[in-house]
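Asker: Take this structure, written in structure tokens, and hold onto it; I'll ask about it next.
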Amino acid sequence: MTREQFYTKAYPLMYLTYIMDTRFKELFRKGMVKGTVVVSRGNEATAVGMAMPFRPGKDIFALLHRDLGSHIINGASPYSIVCQHMANADSPTHAREGNVHYGDAFKRRFPMISHLGDMLALAVGGTWAARKNGEDAFGLTVIGDGGSSTGDFHESLNLASVQKVPVIFLIQNNGYAFSTPTTVQFNCEKLSDRAKGYGITGRTINGLDPWEVYSAVTDSLKLMAENPQPVLIEARTARIEGHAVYDTCEYVGDEHKAKLLTMDPVAAARKLVIEQGIFSEQDLGVLEKQLSDELDALTAEAVKCQRPDPVVHSGGVYCKTEMPSVQPFSVKKVRNLNAVNTALDHILAQNSDAFICGQDIGEYGSAFKTCKGLIKNHGPKRVVDMPICESATVGFCLGASQTGTKPIMEFQFADFATEAVTQLGLNCGTWFYRTGKAAPLLFRLPCGAGITLGAFHSGEFEGLWTRFPGVKLLYPVTPQETYEALLAGFHDPNPCIVMEHKMLYWGQQADIDFDGDLSRVYRPRQYTQGTDLTIVAMGAMVEQTLKAVENNNCSASVWNPFILNPLNFDPIVESVRSTGRLLVVQESGETAGLGDRFISLVTRECFGSMKSPPKLVSTADSPVPFAKELESAYLPDQNKITAAITKILGEGNRK
């Protein structure tokens with residue numbers, strides 16, 4: 001666009017966002033809008049200028065809380081935004097999300113998450129996947145000056161640079177991160193100077209000038225079209241009011257407040273369009289009144305809108321799952337290691353939209369060789385070695401899942417997944433609840449102790465990951481269960497974690513005879529039937545438990561819950577009603593694992609049927625020790641399980 005064409009479109013948008021902010025403040029003071037009501041005063045030029053060169057529905061956006069104009073340019077109606085702030089029945093998030101946490105995942109405008117930095121990688125993954133599918137897509141992702149201090153900012157920028165993804169990272173530097181000034185946020189002269197460390201182009205611009213912002217973004221898009229790579233832009237803006245309507249800015253001096261009022265980009269743009277003859281004063285008056293009247297009308301409509309119905313919107317954590325039938329598979333005498341590799345190879349061969357990513361999974365074949373040969377069979381575009389950035393990689397996968405691919409991510413160790421708790425637990429886990437769009441993601445966690453790797457490579461963490469609604473957690477034991485879990489997790493439209501116990505990689509050999517019916521995979525697994533005792537075990541503890549039962553010659557029903565989130569415990573409850581006794585064996589510490597939850601469920605449902613108190617065999621609540629002698633003493637074994645069986649059977653009927 002020419003300068004005149006640009007301002008013809010840009011000024012009405014800037015003015016609209018200005019009067020919408022004014023309206024939000026009025027509604028907040030009347031008690032009709034609650035929450036973190038963030039206003040955009042000072043950011044109107046940047047929000048409008050940066051979004052106008054992009055193509056709604058094709059390019060990928062991850063916007064910030066002051067980007068009201070960007071949302072409108074990319075398809076959000078002012079009415080929907082007002083309803084979002086009022087949290088009414090017409091809210092685009094069904095009133096489930098906060099004032100500024102809206103978007104449209106179906107149109108590639110990803111919703112904000114308040115954990116600043118975590119949304120950046122989504123734009124990288126979404127753009128990468130769209131381009132992988134042959135689209136000439138570009139990305140725009142936004143962060144504030146304070147948010148650029150986060151680790152995910154640097155992880156995402158580095159990942160985009162390494163993968164050569166054409167995404168503009170735009171930093172809105174308005175001088176404050178809530179109340180914290182930039183003087184204690186960073187120590188470089190320009191935030192754009194950080195681009196040099198990632199081998200990419202960076203520039204600093206006047207974010208109060210919408211034409212300069214538009215021109216810088218347009219130039220960056222041309223550069224990225226010729227040479228796909230990210231670009232870092234620092235837009236220096238002004239925050240004319242507080243962080244939100246409740247922020248009185250007592251931390252800002254009077255002199256600086258007065259200076260900020262002179263930096264209003266809407267007033268400056270209004271003056272410019274009159275001086276340049278783009279609009280006359282009279283025409284502007286008519287235009288501004290028309291916009292104000294339209295806002296009055298839609299606000300009145302939003303005020304009349306019904307409140308959200310708690311019954312209608314109380315569920316929806318998991319996307320509806322209709323599992324397909326896949327190709328049957330059978331093989332004789334394999335271990336879990338082979339089951340993992342075979343399942344991954346099958347998934348990649350049968351699903352052109354699948355890719356696997358992680359650390360050292362390419363030529364090296366991953367830390368435990370579960371990915372051995374995959375890069376040779378499927379190539380480096382589908383078996384992707386990643387930098388060490390677990391959090392950004394999860395965000396990358398979430399974004400990629402929204403633009404036509406189905407990612408599989410391997411964490412090198414389950415312990416390292418704690419680096420990505422926000423991305424996996426909160427961002428992925430809540431995605432369907434927040435957006436209504438499925439997030440088909442498969443995460444693999446090699447877990448557990450027993451091979452002398454010490455505290456930072458031996459955790460299970462099943463207790464952690466079951467605390468996040470929206471994430472499914474599967475914990476297979478046998479080769480067949482492992483094969484089934486990986487295929488089911490891949491084809492499930494929800495984020496799925498499959499835990500792979502490292503000791504079981506080289507565990508007992510067994511046959512795989514899978515009929516291809518994935519609809520039957522999600523069920524607890526029973527290994528023995530008995531009348532005296534029900535035992536629940538997970539991971540490597542299943543093998544130890546089965547040996548203890550065999551050596552003790554007791555009549556016990558041994559179960560693996562298999563799917564730990566959402567938990568289906570009904571068959572196990574029925575087993576306890578029949579036997580009257582429950583023993584839970586877990587490798588995790590007493591308070592870290594799920595044993596207490598299992599016991600609580602059974603006690604609530606079967607209290608009248610219990611012949612003795614339930615018992616838990618677990619490790620101590622301490623880190624996993626390193627030395628073999630210490631680790632062996634730390635872990636539950638056949639002797640400890642046998643002792644527990646003997647004790648619980650010897651207690652007799654408590655009645």
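Asker: Which residues, counting only those in segment 428-454, are small (G, A, S), under 28 Å from M112 (Cβ atoms) and either surrounded by fewer than 23 Cβ atoms within 10 Å (Cβ to Cβ) or out of contact with any Gly (no Cβ under 9 Å at 6 or more places or on another chain) (or both)? So that I can check it myself, show each step before the final result.
Answerer: Filtering segment 428-454 for residues small (G, A, S) gives 429, 436, 438-439, 448-450, 454.
Still in the list and also under 28 Å from M112 (Cβ atoms): 429, 436, 438-439.
Scanning segment 428-454 gives G436, A438.
Asker: Got at least one residue in segment 392-409 being over 18 Å from the mean Cα position of the chain (by Cα) and in contact (Cβ under 8 Å) with a residue 40 or more places away in the chain?
Answerer: no
For (1) aromatic (F, W, Y); (2) assigned by TED's automatic domain parsing to the domain that holds I60; (3) assigned to a loop (DSSP other than H, G, I, E, B), each residue gets a yes or a no:
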site	(1), (2), (3)
I205	no, yes, no
L208	no, yes, yes
A235	no, yes, no
A238	no, yes, yes
V245	no, yes, yes
F279	yes, yes, yes
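Asker: Using the structure shown, decide if T141 is within 14 Å of I60 (Cα to Cα) and polar (S, T, N, Q).
Answerer: Considered against the rule, which asks whether it is within 14 Å of I60 (Cα to Cα) and polar (S, T, N, Q), T141 comes out as yes.
Asker: Then there's this: Tell me the residue from S91, S148, S192 that is buried (at least 21 other Cβ atoms within 10 Å of the Cβ), touching a Cys at 6+ places or on another chain (Cβ under 7 Å), over 21 Å from P407 (Cβ atoms) and in the same structural domain as R203 (by TED's automatic domain parsing), please.
Answerer: Values: S148 fails: touching a Cys at 6+ places or on another chain (Cβ under 7 Å); S192 fails: touching a Cys at 6+ places or on another chain (Cβ under 7 Å).
After ruling out the rest, the residue left standing is S91.
Asker: Which of the residues spanning segment 153-170 are crowded, with 24+ Cβ neighbours inside 10 Å and either more than 26 Å from G49 (Cβ to Cβ) or acidic (D, E) (or both)?
Answerer: Residues satisfying the conditions are E155, L159.
Asker: So, one more: Considering I599, I641, I645, which residue is among the aliphatic types (A, V, I, L, M), surrounded by 14 or more Cβ atoms within 10 Å (Cβ to Cβ), within 37 Å of the chain's Cα centre (by Cα) and in a helix (DSSP H, G or I)?
Answerer: That would be I599, the only listed residue that is among the aliphatic types (A, V, I, L, M), surrounded by 14 or more Cβ atoms within 10 Å (Cβ to Cβ), within 37 Å of the chain's Cα centre (by Cα) and in a helix (DSSP H, G or I).
Asker: OK, next. Those residues that are assigned to a loop (DSSP other than H, G, I, E, B) and closer than 24 Å to P92 by Cβ, I need them from segment 425-454; list them, please.
Answerer: Selection gives G429, T430, G436, K437, A438, A439, P440.
Asker: Out of Q529, Q544, I need the residue that is exposed (fewer than 15 other Cβ atoms within 10 Å of the Cβ) and in contact (Cβ under 8 Å) with a residue 12 or more places away in the chain. Which one?
Answerer: Working: Q544 fails: exposed (fewer than 15 other Cβ atoms within 10 Å of the Cβ).
When all the criteria are applied, what remains is Q529.
Asker: In segment 450-507, what residues are within 18 Å of the chain's Cα centre (by Cα) and acidic (D, E)?
Answerer: Answer for segment 450-507, where residues must be within 18 Å of the chain's Cα centre (by Cα) and acidic (D, E): E462, D492.
Asker: Please identify the pairs in which a residue from segment 324-353 that is closer than 18 Å to T478 by Cα has its Cβ atom under 8 Å from the Cβ atom of a residue that is basic (K, R) and at pLDDT 95 or above, counting only partners at least 6 apart or on another chain.
Answerer: Going by the 8 Å Cβ cut-off, the qualifying pairs are L337/K369; V340/R444; N341/K369; N341/K372.
Asker: Could I ask something else about it? Could you check segment 509-526 and list, in sequence order, the residues that are of a type in the set (D, E, K, R), farther than 18 Å from V585 by Cβ and touching a residue at least 24 places away in the same chain (Cβ under 8 Å)? Break it down into steps so the answer makes sense when it comes.
Answerer: Within segment 509-526, the first condition is being of a type in the set (D, E, K, R), and the residues that meet it are 511, 513, 515, 517, 520, 523, 525.
Those left that are additionally farther than 18 Å from V585 by Cβ: 511, 513, 515, 517, 520, 523.
Those that are of a type in the set (D, E, K, R), farther than 18 Å from V585 by Cβ and touching a residue at least 24 places away in the same chain (Cβ under 8 Å): D511, D513, D515, D517, R523.
Asker: Hey, another quick one. What number of residues within segment 551-576 satisfy the criterion of being farther than 26 Å from A488 by Cβ, surrounded by fewer than 19 Cβ atoms within 10 Å (Cβ to Cβ) and touching a strand residue (DSSP E or B) at 6+ places or on another chain (Cβ under 9 Å)?
Answerer: 1
Asker: Follow-up question, since we're still on this one. Which of the following residues is assigned to a loop (DSSP other than H, G, I, E, B), hydroxyl-bearing (S, T, Y) and either more than 24 Å from A238 (Cβ to Cβ) or touching a residue at least 60 places away in the same chain (Cβ under 8 Å) (or both): Y102, Y7, Y15?
Answerer: Being assigned to a loop (DSSP other than H, G, I, E, B), hydroxyl-bearing (S, T, Y) and either more than 24 Å from A238 (Cβ to Cβ) or touching a residue at least 60 places away in the same chain (Cβ under 8 Å) (or both) holds for just one of Y102, Y7, Y15, which is Y102.
Asker: Identify the residue in segment 459-488 that is in contact with a Cys (Cβ under 8 Å, 6 or more places away or on another chain) and over 30 Å from T435 (Cβ atoms) and, among all such residues, is surrounded by the fewest Cβ atoms within 10 Å (Cβ to Cβ).
Answerer: Among those that are in contact with a Cys (Cβ under 8 Å, 6 or more places away or on another chain) and over 30 Å from T435 (Cβ atoms), it is G459.
Asker: Right, another one. Can you list the helices (runs of 4 or more DSSP H) lying wholly within segment 459-574 that have 2 or more residues being polar (S, T, N, Q) and assigned by TED's automatic domain parsing to the domain that holds P613?
Answerer: On the way: elements: 462-465, 479-491, 502-505, 541-552.
Filter on segment 459-574 gives 541-552.
Asker: Just one of (1) at pLDDT 95 or above; (2) in a helix (DSSP H, G or I); (3) not basic (K, R) trips up G57, so point out which.
Answerer: (2)
Asker: With surrounded by 22 or more Cβ atoms within 10 Å (Cβ to Cβ), at pLDDT below 95 and among the basic types (K, R) as the only criterion, which of R29, R66 stands out?
Answerer: Going through R29, R66 in turn, just one is surrounded by 22 or more Cβ atoms within 10 Å (Cβ to Cβ), at pLDDT below 95 and among the basic types (K, R): R66.
The values are calculated or read from the model by the stated rules, or taken from the named source; none is laboratory data. It should be emphasised that the depicted structure is a prediction, and the values quoted were computed from it without experimental measurement. Every residue, glycine among them, receives a Cβ derived from its backbone with ideal geometry; neighbour counts consider all protein chains shown.
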